[in-house]
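These notes are about the structure you will find just below.
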Amino acid sequence: MTPDAILDRDVTELKAQLSFRARLSHRLSRHIPSAPLLPRLFGPMVSVTFDDVPDSACETGAALLDAHGVKGTFYVSRTLLGTATEHWRVAGVEALAEIHRRGHEIGCHTHDHRLVPTLDAKRFAADLQRNRDALASLVPGLVLENFAFPYGYASLAAKRVLSRTYGSGRSIMPGLNAGRIDHYFLRANPLFDRCLDAVLLARLMDEAVARNGWVIFFGHDVTEGASPYGCSPALLEATLLAANRRGIPVVSMAEGMARALGVAGERRPVEEASRLSG
Ligand SMILES: [Zn+2]
């Protein structure tokens, strides 16, 4: 079964909330770009992202990224922070502030982890602002710049809103982003123990090198005996090593978009940035 099919099955109940019109808009959003001029990639890149942010992603996941000297992106829904879910405990504000301080990117999910196609453009824009404002008040200096669609469900209206307010939108449609990319529906591959094996990992990385592509991974928890939506520390380590062996840079989503748009610069850890500027 493909990762997409597994996820589709898991969100069957949620999909029932979607009208025919919303489902159609999601399908169209996979194919209709939201910007007339799409960025083009000129070199291979890998990004590691975590959704909802279980505490193990903040602890073990971020520590592994740090050990490799690379940055990840952690997509947050305000309402989930500090709560216990069926599969993991979600990180609290302190843990998020800590990884932000170390230079990792905090990204935006919907405020209440709502399915995007259930919101019209106005409500979606208000939701994004609410999440951005909430996180800015919890973690001083934090500005959410990149978005991930909860459960991977997008809409044409949401893509238009994002194109005015955020740098990118990440889906859960697997595959490689290459050539001219639709940066408001970026493909991402599950960093799940049950989905990603050595053969697929090597294929994605080799394809990225051959086509100057951007391989984005999305995961949740990072622990031994992870949930069906997470991975072992060994799989994350293998992913980072596979990129490293091929000389592929591992970058946050902000940095990946900056490179795609031809503008400089990964955000530096907060202390380093203030030292340099002061
Ligand atoms: Zn999520």
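The values are calculated or read from the model by the stated rules, or taken from the named source; none is laboratory data. Worth saying up front: this structure is predicted, and the values here are computed from it rather than measured. Cβ sites come from the backbone with ideal geometry, for glycine too, and all protein chains shown count toward neighbours. To get the accessible areas, we keep the full protein, side chains included, count just its heavy atoms, and leave off ligands, DNA and RNA. Shrake-Rupley method; radii C 1.70, N 1.55, O 1.52, S 1.80 Å.
At a probe radius of 1.4 angstrom, the accessible area of the chain per residue rounds to 44 square angstrom.
For the chain, modelled as a GNM whose springs connect Cα atoms under 10 angstrom apart, the maximal fluctuation among Leu24, Leu162, Leu196 occurs at Leu24.
Kirkwood hydrodynamic radius computed over the chain comes to 18.6 Å, based on all pairs of distinct alpha carbons. Counting only Cα atoms, the size of the stretch 75-118 along its three principal axes is 35, 21, 14 Å, in decreasing order. Extension gain, Asp133-Thr83: 0.36 nm per intervening residue step, less the Cα-Cα distance, totals 16.0 nm.
In terms of accessible area, using a 1.4 Å probe and ignoring ligands and nucleic acids, Trp214, Trp88 rank largest first as Trp88, Trp214.
Distances between placed amide hydrogens fall under 5 Å for Ser168 paired with Phe147, all partners being 5 or more residues away or on another chain.
Using alpha carbons only, what's the Rg to Rh ratio of the stretch 137-259 with Rh from Kirkwood? Answer for the stretch 137-259: 0.98.
What would the Debye formula give as log10 I(q)/I(0) at q = 0.12, 0.16, 0.18, 0.22 Å⁻¹ for the alpha-carbon point model of the stretch 50-165, no solvent? Taking Cα atoms of the stretch 50-165 as identical point scatterers yields -0.40, -0.71, -0.88, -1.21.
Karplus-based coupling profile of the stretch 239-251, in residue order and whole Hz: 5, 5, 5, 4, 5, 4, 4, 8, x, 8, x, 9, 10, with θ = phi - 60° in 6.51 cos²θ - 1.76 cosθ + 1.60 and x standing for Gly or Pro. Within the chain, the longest segment free of exposed loop sites, counting GluC sites (Glu not before Pro) that fall outside DSSP classes H, G, I, E and B and have at most 12 other Cβ atoms within 10 Å, spans 87-223. Residue-wise HN-Hα couplings along the stretch 191-198, as the Karplus relation 6.51 cos²θ - 1.76 cosθ + 1.60 with θ = phi - 60° gives them from phi, are 8, 10, 4, 7, 10, 10, 10, 4 Hz; Gly and Pro carry x. Distant-in-sequence amide contacts of Phe218, defined by a placed amide H-H separation under 5 Å and a gap of 5 or more residues or a different chain, comprise Thr49, Asn189, Leu191. Along each principal axis, taking the top coordinate minus the bottom one, the Cα set of the stretch 153-224 gives 38, 32, 15 Å in descending order.
If R0 is 22 Å, the Cβ-Cβ spacing of Arg194 and Ser19 corresponds to a FRET efficiency of close to 0.10.
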